[in-house]
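Bear in mind that the values in this text are calculations on the coordinates, not laboratory data. The model shown is predicted, which means the values in this text are computed figures rather than measured ones. Every residue, glycine among them, receives a Cβ derived from its backbone with ideal geometry; neighbour counts consider all protein chains shown.
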Amino acid sequence: MKSILTLTVNGRRREDLVPDNLLLLDYLREQLGLTGTKQGCDGGECGACTVLVDDQPRLACSTLAVQMQGRRVETIEGLAKGGRMSRLQQAFHEKLGTQCGFCTPGMIMAAEALLRRNPHPSREEIKAALAGNLCRCTGYVKIIESVEAASG
Amino acid sequence: MNLLPDVRVHRPATLEEAVRLKAASEGARFLAGGTDLLVNLRRGLGEPTALIDLTAVADLGAIRREGEALWVGAGVTLADLARHPDVPPALAEAALAVAGPTHRAAATLGGNLCQDTRCVFYNQSQWWRESNSFCLKKEGDKCQVVAKSDRCYATYHGDIAPALMVLDAEALLVGPDGARRVKVAELYRETGASHLTLAEGEVLAVVVLPPLPGWRAAYRKVRIRDAIDFPLAGVAGALKRNGDVIGGFRMAITGTNSAPLAVDAAELIGRPWDADAAAVLAQLLRKKASVLRTTIVGPAYRRRVIQGMARKLVDELWA
């Protein structure tokens, strides 16, 4: 079964024919080629697939593409403007918030959602906002410092 | 590409349409935030023929005052529930204790209440379960937790239900034969394989919270990963202090049995909260919580921790 999906992805309005049982993750990665969104645990436990839906963080691995009808979806690819990284991306780069990089798109999208809601979060608020995202390299300290640098 | 069952997804705009679609399509399931159901479907736990997505039903998403009571739509997300000013603190606390922020942005009140029971032998991939000869809850004929049992012992791990139970909340169910209101506790039965009492085709539409002047309530849980996990055990309590004695007392537990259960502690009413009362409560909890080997943490810890948590929680409510 397929349906017509109308939505906005990274600021561009799209209309696609998608299978009803297609996950948002596979729609982004396979159908649109936006492979910045990562497939990690497949159970909603790691946060690597975090994208923004109407400014809220959302797990693309446990969301159906057709549920995004009329919604505004943003992925890591949408943050850079005119070939320049966003302030948050730049901060992750400069403060070494990235090591292997696999969790980074999810981390940045979860932090982006926080900063849109609360541009000057405390350390505790940053930790709470990133609670659903696992990183196996950094020990989180550099990630929190990166978000702090972007919010200062 | 990830495989999900080949389903038709319906996106009704009204509750009436949702109920009609459910009645018309055999084997269909309701879907809300998807944080429980879609994860399970990806592991082969369920083969619905269709999914009826309730997230487009506008009137499920409201929180409003109706006289003295607070009506919370089942489609309200846990994130919205946690930050709404009219929501009682104990309920906001329970909502905030569910999973991580990303789940709470999608997961709904109704979806949380109707979440599937869980077991270390059930929440596994198809090949894992197959190599273990499956289990009573799905495809198998033997419970891996209690070998000689004819019922499934999968555990209910929802955080919100016990909080609603001590807040004396009711659920409004809408089905093909009209609407009915039941106490939240009556939504469940203690059978892991079919723990919900909703009739075929019924949908949980609204949770109704009565005013509780003079009561204090709270919810506590323990989990492996504090940032995100289901409760290994959870306890909600509500207390009304009448001078130096307990005037009213309600407690409910989760993460221990196949349903969230109320702990009948009527014998505590009229006496002060002291060491003797705490011992009585511990005894009642020991009888009520039948913790089994359904999580990777052993049952001994979960049995003990629920008593400790309950005592601390009542200490706080009494102070």
Taking 8 Å as the Cα distance limit and 6 or more residues as the minimum spacing, I'd like the relative contact order of segment B:263-319 as a percentage. 33
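Using unit Cβ charges (K, R positive; D, E negative) and no other charged atoms, how large, in debye to the nearest 20, is the dipole of the protein assembly as shown about its Cα centre?
It works out to roughly 940 debye.
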Treating cross-link reach as a plain straight distance, find the aspartates and glutamates whose alpha-carbon is under 17 Å from the alpha-carbon of residue B:148, omitting any fewer than eight places away in the same chain. B:139
Whole-Å distance linking the alpha carbon centroid of segment B:155-195 with that of segment A:103-138 is 34
Relative contact order for chain A, counting Cα pairs under 8 Å that sit 6 or more residues apart, in percent: 24
Return one quarter of the surface area of the convex hull spanned by the alpha-carbon atoms of segment A:1-129, equal to its mean projected area, in nm². 8.1
Taking a point 7 angstrom from the Cα of residue A:30 along the C-beta vector, which residues in segment A:65-108 have backbone N less than 15 Å away? A:65-66
Do the alpha carbons of any pairs in A:81/A:142; B:137/B:287; B:240/B:287; B:221/B:288 sit beyond 22 Å of each other, and which pairs? A:81/A:142; B:137/B:287; B:240/B:287
Quick shape summary for the protein assembly as shown, equivalent ellipsoid via Cα gyration tensor, semi-axes whole Å in descending order, reads 36, 27, 23
Rounded to the nearest 500, what is the 222 nm mean residue ellipticity of chain B from helices alone, with -39500 (n - 2.57) per DSSP H run of 4+ residues and division by all residues? -7500 deg cm²/dmol
Give the longest segment of chain B that steers clear of GluC sites (Glu not before Pro) in DSSP loops with at most 15 neighbouring Cβ atoms within 10 Å, not counting the sites themselves. B:69-189
Counting only helical runs of four or more DSSP H residues, what would the 222 nm mean residue ellipticity of chain A come to if each run contributes -39,500 (n - 2.57) and the total is spread over all its residues? -7500 deg cm²/dmol
Amide H neighbours of residue B:30 at under 5 Å, excluding residues fewer than 5 places away on the same chain, with H built from the backbone geometry, are B:52
What would the Debye equation give as log₁₀ I(q)/I(0) for segment A:86-134 at q = 0.15 Å⁻¹, counting only Cα atoms as equal point scatterers? -0.36
Averaging sequence separations of C-alpha pairs under 8 Å and six or more residues apart, then dividing by the length of segment B:90-144, give the relative contact order as a whole percent. 17
Residue separation times 0.36 nm, minus the C-alpha to C-alpha distance between residue B:49 and residue B:194: what's the value? 50.3 nm
Net charge within 12 Å of residue B:14 by Cβ-Cβ distance, Lys/Arg positive one each and Asp/Glu negative one each, not counting residue B:14 itself? -1
So for chain B, using the alpha carbon gyration tensor with a ≥ b ≥ c as root eigenvalues (a/c under 1.5 gives rounded; past that, a/b versus b/c decides prolate or oblate), I'd call it oblate
Once the Cβ-Cβ distance between residue B:181 and residue B:84 is put in as r, and R0 is 35 Å, what FRET efficiency do you end up with, to the nearest 0.05? 0.95
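Net charge near residue B:319: determine it from the other residues with C-beta under 12 Å of the C-beta of residue B:319, scoring Lys and Arg +1 and Asp and Glu -1.
+1
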Go through A:61, A:41, A:122 and say which Cα lies farthest out towards the positive end of the charge dipole of segment A:1-142; charges sit on Cβ, +1 for Lys and Arg, -1 for Asp and Glu. A:122
Which value results when the Cα radius of gyration for segment B:165-235 is divided by 2.2 N^0.38 Å? 1.36
Per residue, the convex hull enclosing the alpha carbons of segment B:1-98 has a volume in Å³ of 121
Stretch residue B:296-residue B:276 to full length: gain in nm at 0.36 nm per residue minus the Cα-Cα span? 3.9 nm
Compute the Cα gyration tensor for segment B:129-247, then decide on rounded, prolate or oblate, letting a ≥ b ≥ c be the square roots of its eigenvalues: rounded whenever a/c is under 1.5, prolate when a/b is larger than b/c in the other cases, and oblate in all that remain. oblate
Would you mind computing, in nm to one decimal, how far apart the modelled labels at residue B:226 and residue B:312 are, each placed 7 Å from Cα along Cα→Cβ? 1.0
Centre separation in Å (Cα based) which lies between segment A:28-56 and segment B:1-30: 24
Chain B, dipole about Cα centre (Lys/Arg Cβ +1, Asp/Glu Cβ -1), debye to the nearest 20: 980
Of B:269, B:54, B:207, whose Cα points farthest to the positive end of the dipole of chain B (charges on the beta-carbon: +1 Lys, Arg; -1 Asp, Glu; origin at the Cα centre)? B:269
What does the charge count around residue A:103 come to, taking other residues whose C-beta lies under 13 Å from its C-beta (Lys +1, Arg +1, Asp -1, Glu -1)? +2
Nearest-5 percent of antiparallel DSSP beta bridges in segment B:111-200? 90
Projected label distance in nm at residue A:55 and residue A:122, using a 7 Å step from Cα toward the beta-carbon: 2.3
Shape verdict for segment B:193-319, please, from the Cα gyration tensor: rounded (a/c under 1.5), prolate (a/b greater than b/c) or oblate. oblate
